[in-house]
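Asks: Encoded as structure tokens, here's the structure I'll be asking about.
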Amino acid sequence: MEFQHKLKLAVALKYTQDEDVSPLVVASGKGALAQALVKKALDMDIPIHSDGELAELLSDVDVGHSIPEELYEVVAQIMAMVYRMDSSLGRKPHD
């Protein structure tokens, strides 16, 4: 993917309805680790959303912790878009 060449930061989130209270940061990394996270996501067909400003804010959250409430709305919008895309492609949402 084109943006991967200039990638400096990546954050992976997980949200399972009826299981998680809010999205959790499950991985975060800079430089080579960020590129490895994106490669893993692409290999697993996990959708990627590129937003450097949001990634910066999410990178302040420790792995295993919930995202801050002030980011709920923007993250919910992104996740809703991903769920709609998965549904339109006949795929089940990623866990």
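Asks: So what are the ³J(HN,Hα) numbers for the stretch 60-76, from phi and the Karplus equation (6.51, -1.76, 1.60; θ = phi - 60°), rounded to whole Hz, Gly and Pro as x?
Replies: Rounded to whole hertz, the list is 6, 8, 5, 4, x, 9, 6, 5, x, 4, 5, 9, 3, 5, 5, 5, 4.
Asks: Run the count for the chain, please: Lys pairs, Cα-Cα under 15 angstrom, 8 or more apart or on different chains. Before the final figure, lay out each step's value.
Replies: Working: Lys6/Lys30; Lys6/Lys39; Lys8/Lys30; Lys8/Lys39; Lys14/Lys40; Lys14/Lys92; Lys30/Lys39; Lys30/Lys40.
Lysine pairs satisfying the spacing and distance rule in the chain number 8.
Asks: Could you please rank Asp60, Asp18, placing first whichever residue has the fewest other Cβ atoms within 10 Å of its Cβ? Intermediate results must be reported in sequence, preceding the final value.
Replies: Details: Asp60 11, Asp18 4.
If I rank by nearby Cβ atoms, fewest first, I get Asp18, Asp60.
Asks: In a shell of Cβ-Cβ distance under 11 Å around Val25, excluding Val25 itself, what net charge do Lys and Arg (+1) and Asp and Glu (-1) give? Don't skip to the answer; put the middle values down first.
Replies: Working: positive: Lys14; negative: Asp60, Asp62.
Overall, the nearby charge balance is -1.
Every number here is computed from the coordinates shown, using simple stated rules; none is lab data. Just so it is clear, the structure is predicted and the values come from calculations on it, not from any experiment. With ideal geometry, Cβ positions are generated from the backbone for all residues, glycine too; neighbour counts draw on all protein chains shown.
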